[in-house]
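The structure under discussion appears below in the form of structure tokens.
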Amino acid sequence: MKIESQAGILKIYVGESDKIHGRPLFEEIVFEARKTGMAGTTVFKGIMSFGASHSVHTMKIFALSSDMPVAIEIVDSVEKLTNFAVRINEMMDESQKGGLITLQKLDVLRYEVGQKYRK
Amino acid sequence: MKIESQAGILKIYVGESDKIHGRPLFEEIVFEARKTGMAGTTVFKGIMSFGASHSVHTMKIFALSSDMPVAIEIVDSVEKLTNFAVRINEMMDESQKGGLITLQKLDVLRYEVGQKYRK
Amino acid sequence: MKIESQAGILKIYVGESDKIHGRPLFEEIVFEARKTGMAGTTVFKGIMSFGASHSVHTMKIFALSSDMPVAIEIVDSVEKLTNFAVRINEMMDESQKGGLITLQKLDVLRYEVGQKYRK
Ligand SMILES: Nc1ncnc2c1ncn2[C@@H]1O[C@H](COP(=O)(O)OP(=O)(O)O)[C@@H](O)[C@H]1O
Ligand SMILES: Nc1ncnc2c1ncn2[C@@H]1O[C@H](COP(=O)(O)OP(=O)(O)O)[C@@H](O)[C@H]1O
Ligand SMILES: Nc1ncnc2c1ncn2[C@@H]1O[C@H](COP(=O)(O)OP(=O)(O)O)[C@@H](O)[C@H]1O
């Protein structure tokens, strides 16, 4: 991450069962982020949601419990995130799924490589 | 979501066992968001927390493991979110629970309906 | 939380198995936040990630499934959070782990003590 440029967080919300070319979309997004050289990525799974379809996804009904939401967070420079979002939009269109992508500015107070990996 | 107006994310933190009229508060908030016409909602469950009471909630002690925190995220226009927060404050007062509500500005880079639901 | 000063959210991302003096780092950070008088803390566990090492952590491979990411969220005044982040940076250096700390401004719309705890 270029410390001098404005940093931000990209959040990508998709369904955990959404597929692209038969593979889980959220995993392919993480692999694409790593391939593109993004600084990092953290994925969280939710317990309840609704999106543009307004159908509520919940764990409490067995038939719906396999389509929980996932949120993918990527922190990097706003410039890199904005470019990467173009690629993610393409992937989400290819998978014919909806979803949400948001971008917020923030300040990075620490971004370090752990001892184990230092040269 | 009106693309022309400033977008934001509302985050509502409550305990998973908090009740309103005998029902789980976080679920009632999600249903209220859908009824009010909010663009969407995603709920995450946490593994450890403390709030205004300063009692630590953790999964590692059986007696406390049923009161994990939940965070409800709603992305929409700042105007709709601000109005909706007034309603959520009322619900949280009715349930006699504390909790936290925050609002952050952000930019929406994608908000699409999945193919399955398109007309 | 001083309502008059600018509020923010500090997010600290570490691995769930990261240790400091033999104890889980993320738990020690929560205890430190409470000891320091932060307004509250909520911890979320993720399902997939990569950081500065670019090794992907995922639940789908048994050998890697014990090192899931955790994100610690603390909402308070920007001033208190900035000072607290100095302490967290020290703890993360002591544990010889990398990780990420970010700070975003936001507005607090509610921060209340539940009925159970009111004097
Ligand atoms: N405005 C929003 N606020 C919060 N989360 C959202 C919003 N819109 C969508 N999401 C999240 O993205 C997921 C996917 O959304 P979407 O593709 O519209 O499908 P669906 O309507 O089937 O849930 C939702 O289930 C929800 O978790
Ligand atoms: N300042 C804060 N920062 C982060 N999370 C918070 C904060 N305040 C409250 N929370 C979250 O909201 C939950 C409910 O808070 P609260 O009603 O004050 O009750 P409690 O003290 O019983 O946890 C907390 O458990 C925590 O998950
Ligand atoms: N730029 C980033 N964006 C989102 N999450 C990140 C970022 N950098 C680090 N993280 C999170 O912090 C965790 C710890 O990061 P790090 O210490 O660099 O170790 P590792 O490379 O072993 O994952 C990561 O696994 C990931 O969950």
Is it true that A:LEU109 is in contact with an Asp or Glu (Cβ under 6 Å, 6 or more places away or on another chain) and either closer than 23 Å to C:ALA71 by Cα or at pLDDT 95 or above (or both)? no
Please go through the range C:32-75 and pick out each residue that is outside any loop (DSSP other than H, G, I, E, B) and more than 16 Å from ligand 2 (Cβ to nearest atom). C:MET48, C:SER49, C:PHE50, C:HIS57, C:THR58, C:PHE62, C:ALA63, C:LEU64, C:PRO69
Top-ranked residue of the range B:56-91 - restricted to ones that are small (Gly, Ala, Ser) and exposed (fewer than 14 other Cβ atoms within 10 Å of the Cβ), ranked as nearest to the chain's Cα centre (by Cα): B:SER66
Tally, over the range C:17-36, of residues that are at the interface with another protein chain (Cβ under 9 Å from one of its Cβ atoms) and open to solvent by 10 Å² or more (accessible area, probe 1.4 Å): 5
Scope the range C:13-23; condition within 13 Å of C:ILE72 (Cα to Cα) and more than 9 Å from ligand 3 (Cβ to nearest atom); matching residues: C:GLU16
Hits in the range C:38-66 - residues which are touching a residue at least 40 places away in the same chain (Cβ under 8 Å) and within 11 Å of chain A (Cβ to nearest Cβ): C:GLY51, C:ALA52, C:SER53, C:HIS57
Return the pairs, sorted by first residue and then second, in which the second residue is open to solvent by 20 Å² or more (accessible area, probe 1.4 Å) and polar (S, T, N, Q), the first residue lies in the range A:90-113 and is facing another protein chain (nearest Cβ under 7 Å) and more than 16 Å from ligand 3 (Cβ to nearest atom), the beta carbons are less than 9 Å apart, and the residues are 6+ apart or on different chains. A:GLN96/B:GLN115; A:LYS97/B:GLN115; A:GLY98/A:SER53; A:GLY98/B:GLN115
Looking at (1) within 12 Å of chain C (Cβ to nearest Cβ); (2) in contact (Cβ under 8 Å) with a residue 12 or more places away in the chain, find the lone condition where B:SER5 falls short. (1)
Tell me the residue from C:VAL78, C:VAL86, C:VAL14, C:VAL70 that is at the interface with another protein chain (Cβ under 8 Å from one of its Cβ atoms) and out of contact with any Pro (no Cβ under 7 Å at 6 or more places or on another chain), please. C:VAL70
Filter result for A:ILE29 (more than 10 Å from ligand 1 (Cβ to nearest atom) and over 18 Å from B:ALA71 (Cβ atoms)): yes
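The values are calculated or read from the model by the stated rules, or taken from the named source; none is laboratory data. It should be emphasised that the depicted structure is a prediction, and the values quoted were computed from it without experimental measurement. For neighbour counting, all protein chains shown are included, and Cβ atoms are generated from backbone atoms with ideal geometry for every residue, glycine included. The area values use the complete protein model at the heavy-atom level, side chains included, leaving out ligands, DNA and RNA. Shrake-Rupley method; radii C 1.70, N 1.55, O 1.52, S 1.80 Å.
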